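Read through the structure below, which is laid out as structure tokens, and then see the notes.
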Amino acid sequence: MQVTETVNESLKREYKIVLPAADIAERVSARLEELQGQVRLPGFRPGKVPASMLRKRFGKSALGEVLEAAVQDSFRRLIDEKGLRPALQPQIDFPSDVEEGQDVAFTLAVEVLPEIADPDFAALTLERESVAVEDKALDEAVEELRGRMKTFEATAEGHAAEMGDSVLIDFVGRLDGEAFEGGSSEDFRLELGSATFIPGFEEQLVGVSAGETRTVTVPFPEDYPVDHLKGREAAFEVKVHAIERPVLPEVDEALAKKLGLETVEQVRDEIRKNIQNDYDEACQARLKRRLLDVLAEQSTFEVPEGLLEAEFKSIWDQVSHALEHGHLDEEDKGKSEEQLRTDYRAIALRRLRLGLLLAEVGQRHKVTVAPEDLNKALMREMRRFPGQEAAVINYYRQSKEAMERLRAPVFEDKVCAFILEQASVTEKAISAEELKAALENDRDAA
């Protein structure tokens, strides 16, 4: 094949490729020879169909197969010979009518990945926060554990329900006097104060007694997920069958054994470890965010337009859906669509640059994701869906795409850890309250 480079601008490359007629003819003849032993035509024994008849019957399709294979082969040879690193599949402009016996010329345009140098990792200066578990936090966590393991016991006749009590109820909800679908239930157990029902419902059952019927009137929130109920006021007729009060377990060896431990000290030690792990993960996430901010500031390399458009489209699809349904973030409300597009294109550019940089660093320094890394990520994912662990495992085992989505953040974390090992990182002790405030600020800024 003959290759002429016609465009070499920034990350764009374009080539004119000519496939000689003789090469095409040779490939077509070879393909027809393959077909001769495969096709079955009336009146001819297998393998005895005349070449002229084969060419007449299958010449066009053989030519199409040959040209398709030749184009793919041309692209592979271009990659090897010119050291190209394609960012996306090439765009090919191929003539609509091709006749055997003629040279075939077509153009191939492709965007390549940029050359990305390693930042000076040793020159990076970052601060990692650390939080120690205080006795107050530990005591609060023990009380939360008691609350999660509470049981309920019957109350005396005439007991007035209090926040924290469990009530067994029937209820029927009505809008403008008419019962509505999904607004009724029987023998429903409701823990007052659990925020299970819409705001205001549980509070109006405080003081009710077993055997009593009470009407609870509450408006549905404006952001309620069912459109025809948003903001509308409903009246619920509630019949109370029974009331039970909570009983918190004592923190003793019996509780420890329920948790698979032996002593109260072991319970407190396990809780302390869990709290410390939460603190450490939050501090590490903040350190990673600082690192990405620094890398983003230093990354000014060009990016392939095709990749940028794909990244922006992925983000904009979500933004436009939020815009259409009135769910924009507070900081975006009041902005014009043009301003939103500008802002989110900048976000797409940042994400793409960081993604390309981390991928390059990871590949260059042989950062890998081991099976045990994926297993840890899978375990974290399973904990998000208690009771559905088997379904989660099957989902990821059966979907390569899902497993890749699971792998991507693990790889990113490992590359960031590699960079941080070489950077200058100082420690700063802060309180749990300071960490909580910092995390809230992060969420507001996100």
Item to complete: Scan (1) under 30 Å from residue 142 (Cα atoms); (2) open to solvent by less than 40 Å² (accessible area, probe 1.4 Å) for the single condition residue 312 breaks and write down its number.
Response: (1)
Discussion item. Where the second residue is part of a strand (DSSP E or B) and of a type in the set (Lys, Arg) and the first is under 15 Å from residue 216 (Cβ atoms) and lies in the range 183-199, which pairs have Cβ atoms under 9 Å and are six or more apart or on separate chains?
Written reply: 183/174
Worksheet item: Of the residues in the range 84-114, how many are of a type outside the set (A, V, I, L, M) and over 33 Å from the mean Cα position of the chain (by Cα)?
Response: 12
Worksheet item: Can residue 230 be described as surrounded by 13 or more Cβ atoms within 10 Å (Cβ to Cβ) and more than 39 Å from the chain's Cα centre (by Cα)?
Response: no
Worksheet item: Looking at the range 253-279, which of its residues are of a type in the set (D, E, K, R) and either within 30 Å of residue 116 (Cα to Cα) or open to solvent by less than 80 Å² (accessible area, probe 1.4 Å) (or both)?
Response: 268, 269, 270
Response to the item:
Reported set for the range 245-266 where residues are in a loop (DSSP other than H, G, I, E, B) and without any contact (Cβ under 8 Å) to a residue 60 or more places away in the chain is 250, 252, 259, 260, 261, 262, 263
Worksheet item: Quick one: in the range 192-205, which of the residues that are at pLDDT 95 or above and open to solvent by 60 Å² or more (accessible area, probe 1.4 Å) is nearest to residue 246 (Cα to Cα)?
Response: 203
Item to complete: Hey, can you tell me all the residues within the range 93-110 that are aromatic (Phe, Trp, Tyr), within 19 Å of residue 8 (Cα to Cα) and free of Cβ contacts under 8 Å to residues at least 40 places away in the same chain?
Response: none
Worksheet item: In this structure, does residue 402 turn out to be part of a helix (DSSP H, G or I), aliphatic (A, V, I, L, M), closer than 25 Å to residue 419 by Cβ and without any contact (Cβ under 8 Å) to a residue 12 or more places away in the chain?
Response: no
Worksheet item: Among (1) among the β-branched types (Val, Ile, Thr); (2) under 18 Å from the mean Cα position of the chain (by Cα); (3) under 23 Å from residue 112 (Cα atoms); (4) open to solvent by less than 60 Å² (accessible area, probe 1.4 Å), which single condition is residue 303 missing?
Response: (2)
Worksheet item: Failed condition for residue 137, given (1) surrounded by 13 or more Cβ atoms within 10 Å (Cβ to Cβ); (2) closer than 13 Å to residue 238 by Cα, with all others met?
Response: (2)
Discussion item. Any residue that is of a type in the set (Val, Ile, Thr) and not in a helix (DSSP H, G or I) - is there at least one of those in the range 346-368?
Written reply: yes
Worksheet item: Can you pull out the residues in the range 8-34 that are surrounded by 13 or more Cβ atoms within 10 Å (Cβ to Cβ) and either in a helix (DSSP H, G or I) or of a type in the set (Val, Ile, Thr) (or both)?
Response: 17, 18, 21, 23, 24, 25, 27, 28, 29, 31, 32
Worksheet item: Is there a residue being assigned to a helix (DSSP H, G or I) and modelled with pLDDT under 90 anywhere in the range 303-322?
Response: yes
Response to the item:
Here the residues within the range 311-366 that are hydroxyl-bearing (Ser, Thr, Tyr) and within 19 Å of residue 293 (Cα to Cα) are 344
Worksheet item: Across the range 343-378, which residue is most open to solvent (accessible area, probe 1.4 Å) among those that are under 25 Å from residue 115 (Cβ atoms) and of a type in the set (D, E, K, R)?
Response: 366
Discussion item. Can you tell me which of (1) in a loop (DSSP other than H, G, I, E, B); (2) under 30 Å from residue 153 (Cα atoms) is the one residue 327 doesn't meet?
Written reply: (2)
Practice prompt. Hey, can you tell me all the residues within the range 88-101 that are modelled with pLDDT of 85 or more and either hydroxyl-bearing (Ser, Thr, Tyr) or surrounded by 13 or more Cβ atoms within 10 Å (Cβ to Cβ) (or both)?
Written response: 88, 90, 92, 94
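The values are calculated or read from the model by the stated rules, or taken from the named source; none is laboratory data. Just so you know, these numbers come straight off a predicted model, no measurement behind them. Positions of Cβ are generated from backbone atoms using ideal geometry, with glycine treated the same way; all protein chains shown enter the neighbour counts. Each accessible area value is taken on the protein alone, full model and side chains, heavy atoms only, with ligands, DNA and RNA left out. Shrake-Rupley method; radii C 1.70, N 1.55, O 1.52, S 1.80 Å.
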